Amino acid sequence: MSKQKIRVLTASFLAAAFAVTAGFAIQGHARARQYRRLLDNSYLHAFAELTTAAGELEVALTKVSHATSPALFASLCAQAYSKAQAAQAALGELPYGNVELEQTAAFLARAGDYAMALAQGATAELVCTDDHRDTLSQLSQAAGELSLTLETLQAQLTAGAIRPEDLAEARERLAAEDGGGQVEGGSAFQSVEADFPEVPTLIYDGPFSQHLDGRTPKMLEGLPQVTEEQAREAAASFLGLRPEVFTLTAKSEGNLPSYGFTALVDGGQMYIQVTCQGGQILELFTSRTAGEAVLSRAEGCEIAAAFLAEKGYANMAPSYFMEQDGVLSVNFAPVEDGVYCYPDLVKVSVALDTGDIVGFEAAGYLTHHGGRSLPSPTVDTQTAQALVDHSLTVLSHQLALIPTGGEDEVLCHEFKCQAQNGTHVLIYVNALTGKQQHILLLVEDETGTLVL
């Protein structure tokens, strides 16, 4: 073949290759634009849902503040709770929405939970006090002002005056802000937080009651503050690793301020939180994917129990478990004088391929354990069991301490029952008052038990 023909063929192949490459590039850009439109539409829909739910929350709270019938009051409180939940769900669809709209997220959580707490406390004798009505009115006003701010922002989004960010853009901007930089234009969310209305102080028996803010967890009382290096050494000691493999990546505040460290371990990234006060391990998890299980669930549970005993967690009894993707997660509760103390739960996750500890959560234990005096039951087991629905078959009984919505704890008779359709139900009867306190449903399948 002549050199001329070779040059012609080479040029032809190069041209064809360039055309194919250009075609792929054009196709890729078209797909990227389509993806961007879908993403924008998704965020616009989520923001519209947030705006709508905030307006509906205002209406529901206003109605609650005027209700005098216990049944209607409870129903309207449930509606307010539902609207707050819907708004929180929509907020979760926005990129880093719960981080940037921190005041909004806190308001929605507190307003909804406050309404539900009032519903649970409503009786024929007392629906709610004048103070409660005043608080509900203030919450309604705050929800209305928030709704107006969101509506203004939504109009700008719809008109194209501002564009929703994708996850990568939000992450990049937040990283720049954390580093002291500033991204031109910032986030549209900033206007919502900057103009956030004044919210009344909420004091009630619930998890978002502001009398709980600043409360020192029981297991940390009297312990000194630790330095970053001491926290790193605590993380290393807990896992049997060298301190230098841990890199500080976060320092969080709140009721349990903590240092957050990452490390590359066994082919996965591990994240561990150490409390600033006392240097206690708050949480850890790893991204390592577990292989095929070689350990049974019983063996995994034994490994988890032995791990807790080694780390100084005494008298821990397994409660319920869940197995997912080769990882067994077991909830443990301490047993004091024969009473299962559920506020003090600790969760341990074990990889069933190697037996490694790949997850640990101890917030409940650090917050509630220690310093309590358990009351003696004044209602006997037989009397309490009489309050169990007769259609249920009682399978077992034990005494249990269960948390209320806030910082209180209630001693109860716990009855594990079986319904006529074969499902299991937990009935809790207050061991001091003899009234039904709580009901939980157990959803059980081949992966474990989910408590609802």
field: Neighbour-count order for 358, 410, fewest beta carbons within 10 angstrom listed first
entry: 410, 358
message: Longer than 32 Å from Cα to Cα, which of 347/435; 218/251; 63/347 are they? Say none if no pair is.
response: 63/347
field: Restricting segment 215-251 to trypsin sites (Lys or Arg not before Pro) in coil, as DSSP defines it, with at most 15 other Cβ within 10 Å
entry: 215
Diffusion coefficient, µm² s⁻¹, Stokes-Einstein with Kirkwood Rh over alpha-carbon pairs of segment 381-451 at 37 °C and 0.692 mPa s: 259
query: Residue by residue, what Karplus-based ³J(HN,Hα) values in Hz, rounded to whole numbers, does segment 424-437 have, using 6.51, -1.76 and 1.60 with θ = phi - 60° and x for Gly and Pro?
result: 10, 9, 9, 10, 10, 10, 4, 7, 10, 9, x, 10, 4, 9
message: To make sure I understand, if each residue's beta carbon is the centre and we count other beta carbons within 10 Å, what order do 275, 262 fall in, fewest to most?
response: 262, 275
message: Along each principal axis of its Cα atoms, how long is segment 331-435 end to end? Whole angstroms, biggest number first, please.
response: 46, 38, 24
message: Just to be sure I follow: if Rg is taken over the C-alpha atoms of segment 218-368 and Rh is the Kirkwood radius over the same atoms, what is Rg/Rh?
response: 0.96
field: Protection proxy ranking of 344-352, 62-70, 386-394 - average other beta-carbon atoms within 10 Å, highest first
entry: 344-352, 62-70, 386-394
message: Show me, for segment 355-371, the HN-Hα J-couplings you get by feeding each phi into the Karplus relation (A = 6.51, B = -1.76, C = 1.60, θ = phi - 60°), rounded to Hz, glycine and proline as x.
response: x, 6, 7, 10, x, 7, 9, 9, 4, x, 5, 5, 6, 10, 6, x, x
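Readers should treat all values here as calculations from the given coordinates under stated rules, not as data from a laboratory. If you're wondering where the values come from, they're calculated on a predicted model, not measured in any experiment. All Cβ positions, glycine included, derive from the backbone under ideal geometry; neighbour counts span all protein chains shown.
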